[in-house]
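Working notes, beginning with the structure itself.
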Amino acid sequence: MSDVRIELRYFARVRELLGRRADTRTFPAGTTIADIWRSLTKECPSLVGLTWKPSVNQEYATPETVIQDGDEVVFIPPVSGGTASSALNPRPHHPRMDTHFAGRYER
Amino acid sequence: MTGQPPRLCRLTHDPIDATELVAAVQTVADGAVCVFHGVVREDSRNRKVRFLDYDAYPEMAERKMHAILDEVAVRWPDQRAAIVHRLGVVNVGEASIIIAIGSPHRGESFDACRYVIDRVKQEVPIWKKEVFTDGEEWIEGS
């Protein structure tokens, strides 16, 4: 099994806490997105507790997703959202969005 | 009328011109153009906002905005929609997003416009930081 090389890009709060916009990193084959987040939180403990959902190659994914060589991975903080009630979901926050979010992967 | 106008769907660092969106969606078949402006308000949870600073994952944001317009085309085949979203500093009173819908009839234009703004808020990776007179804070949707 060979290593996989991926591009990580950082936005919003994640970018500010890490102090940079992107990294190219190499991980062992079989590494998941949750594993990468754990490695980032070891490097930058102030990331612990942030809520995010991942994207891989510009599509939403899950933390269990195994990365492939050449992937572009982003830990997407909750989007601007807003608090207006919605025609799609008449709740202040969108359940669909909530289920997309991975919760907290600080461990 | 023949042919569809080219789709207007983009991010910009400049003030948004609503007339450009109207021109992009309106055809002679339309009886209604519905335009939504999302604007920056001064007061946020009892703090005074100086401006908002929008950040985006630009490639994915534009891809998701196009996907939302594709959804509109499926749900409302006789309507056209346009979206322009600001990035960077947006001052109080300015629009951070404008959506326009061109439609044969008014009722469905309101429905489509509401649909588009709600989907943008759900799906499009754009974040806003509120910058106050005494600090700043990323606003998160959940």
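For helix B:58-75, what angle does its Cα long axis make with the longest principal axis of chain B, in degrees from 0 to 90 and rounded to 10?
Around 40 degrees separate the two axes.
Relative to 2.2 N^0.38 Å, what does the C-alpha radius of gyration of the protein assembly as shown come to as a ratio? Two decimals please. Walk me through the numbers before you get to the answer.
Numbers: Rg = 19.4 Å, N = 249, 2.2 N^0.38 = 17.9 Å.
Against the empirical 2.2 N^0.38 Å value, I get 1.09 for the protein assembly as shown.
Measure off 7 Å from each Cα along the Cα-to-Cβ vector at B:Ala67 and B:His37, then give the distance between these two points in nanometres to one decimal.
Spacing of the two 7 Å Cα→Cβ label points: 3.1 nm.
What's the center-to-center distance, using Cα atoms, between the stretch B:64-142 and the stretch A:1-64 in Å?
27 Å
Simple spin-label model, 7 Å along Cα-to-Cβ: A:Ser39 to B:Val74 in nm?
That separation, rounded to one decimal, is 3.6 nm.
Report the Cα-based extents of the stretch B:1-139 along its three principal axes, largest first, to the nearest Å.
Each principal axis gives a Cα extent; for the stretch B:1-139 these are 54, 27, 23 Å.
Counting only helical runs of four or more DSSP H residues, what would the 222 nm mean residue ellipticity of chain B come to if each run contributes -39,500 (n - 2.57) and the total is spread over all its residues? Mind dumping the intermediate values first?
Values: 3 runs with 44 residues, N = 142.
Roughly -10000 deg cm²/dmol at 222 nm, from the helical runs in chain B.
How do B:43-54, B:58-69 rank on mean C-beta neighbours within 10 Å, highest first?
So the peptides B:43-54, B:58-69, ranked by packing, come out B:58-69, B:43-54.
Here, each number is a calculation from the coordinates, and none is a lab measurement. For clarity, every value in this text was computed on a predicted model and none was experimentally measured. Backbone-built Cβ (ideal geometry, glycine too); neighbour counts: all protein chains shown.
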